[in-house]
Structure formats: structure tokens, C-alpha cells
Amino acid sequence: MTEAALPIDFERLFKLRLAVARHGEMDAAGWWNTRGILGRHGALALKRGFPSTYPFAQARIAFAVARSRCHELFDPPGCMTLWNLPAEIEDRFEAHWQEWLDQGERWRPFFEMLAAPGRENLLADLAEWGLADSSQVAVVNKLRRSAEGRSLPLSGTFLPNDDIITLLAAGFAKSERGSPAIPYARLED
């Protein structure tokens, strides 16, 4: 894939991953083994060692745990998930971290929203935060978990783009407490 073939808004991807990672923590949906790492407890634990960048340290931990848990539950070959995008996209996502670290104050309001208690509806949160539009919400509402309940297929084949990545994130809303269904899409050749 060339740079022109990657119509990805990396800040949007970062926010989508943050929203799903926070929603999946033990003090929320209980999908992975972190308890408030993106909330107040994580901030208290990491603020001393990383005074200006602790929200990003929180994000690194939450992403690693969510990625590992999703990989453990469902890792289809030739597919992409929110936590397993094509290597070129993952490399470019990583390249943005330093820029985001340098803009910590700009990110503070979003991290504070994530940390707020009582967020129980992932799909509503994504819509409220401008990360999912009504057509994406409608698509997610029509999706069905696979027979074994561990995955949520998007029918068809796709090249990665903002719309598909949004559906991969929003699809987690079809999961149950303690039982994530990993949304996935087959990659177009």
C-alpha cells in the first residue's frame, strides 16, 4: 500500500482505540484484565513516574492488554481488527506517538472524558464524541455475532479506511459483559 492508499485519520484511530480500550476494562465491560488503567486509578498510579505523559503511558498499557486479549480470543488470518491492522498502518500509527506526546494538553480533555465513571454504552459514546455517525451506528445495529459468539464479522472484503476502522471499533458494542466479540473484516487483496 502506498501513502496515498492509506486514507486513515490516525487521531481518529487513536480515539477509537482509547474508547474501546476504556470500555473493555474490568470496571466497565470486563473484557480484559485492566481495572481503570485509563481512568482515575491508572492516572494516580502513573502520574508520579510520567508527570506530563502519563495519559499516553496509560494508553500504551491498555492497548497492549486489549490487543493481547483480542488476539487470544480470535485472530483470523487475512483479516483486520481494531487491534490488528495492516503493518504499514500500524507503523504509521506508531510514528504519530511522539507528535501526540508533544501535544499532551490538547489531548487532556479526551482523556478526562474517558476517565469519567458511568460510561456504559460504547455505541452512544462513540456517537456523542463524533467518532461514529448515524449510518455507522445503523450498520452496527444490524451486525450479528458469530455462532460461537467470539467474533463479529463484517461481510465482504475491504481495504482499510476510516469507515471500516470505525465499524471495527463500534462493533464491540455487540459484545456482552465479560464476553467480547471481536469485530473483524476480511482484507481485500
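Bear in mind that the values in this text are calculations on the coordinates, not laboratory data. Nothing here was measured: the structure is a model prediction, and the numbers come from that model. So basically every Cβ, Gly included, is an ideal-geometry build from the backbone, and we count neighbours across all protein chains shown.
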Amide H contacts under 5 Å for Phe158, placed H, 5+ residues apart: Arg186, Leu187, Glu188
- request: Decide, for segment 8-54, between rounded, prolate and oblate: order the square roots of the alpha carbon gyration tensor eigenvalues as a ≥ b ≥ c, take rounded if a/c falls under 1.5, and otherwise choose prolate if a/b is larger than b/c, else oblate.
  value: oblate
message: Per residue, how big is the convex hull of segment 128-189 when only Cα atoms are used? Give it in Å³.
response: 87 Å³
query: Which of Trp31, Trp83, Trp97 moves the most in a Gaussian network model of the chain with Cα springs under 10 Å?
result: Trp97
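Determine the gain in length on full extension of the stretch Arg35-Ala95; use 0.36 nm per residue of separation and subtract their C-alpha separation, reporting nm with one decimal.
Numbers: separation 60, 0.36 × 60 = 21.60 nm, distance 2.77 nm.
Length gained, Arg35 through Ala95: 18.8 nm.
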message: Give me the one-decimal nm value for the distance between modelled label points at Arg150 and Lys47, 7 Å along each residue's Cα-to-Cβ direction.
response: 4.0 nm
query: What is the helix-to-structure angle for 104-115, meaning the angle in degrees between its Cα long axis and the longest Cα principal axis of the chain, kept from 0 to 90 and rounded to the nearest 10?
result: 70 degrees
- line: Most fluctuating of Thr34, Thr81, Thr157 in the GNM of the chain (C-alpha, under 10 Å) is Thr157
field: Degrees separating the helix 54-73 axis from the principal Cα axis of the chain, which is the longest one
entry: 30 degrees
- request: Using only the alpha carbons of segment 3-187, determine the length spanned along each of the three principal axes and report them from longest to shortest in whole angstroms.
  value: 46, 39, 31
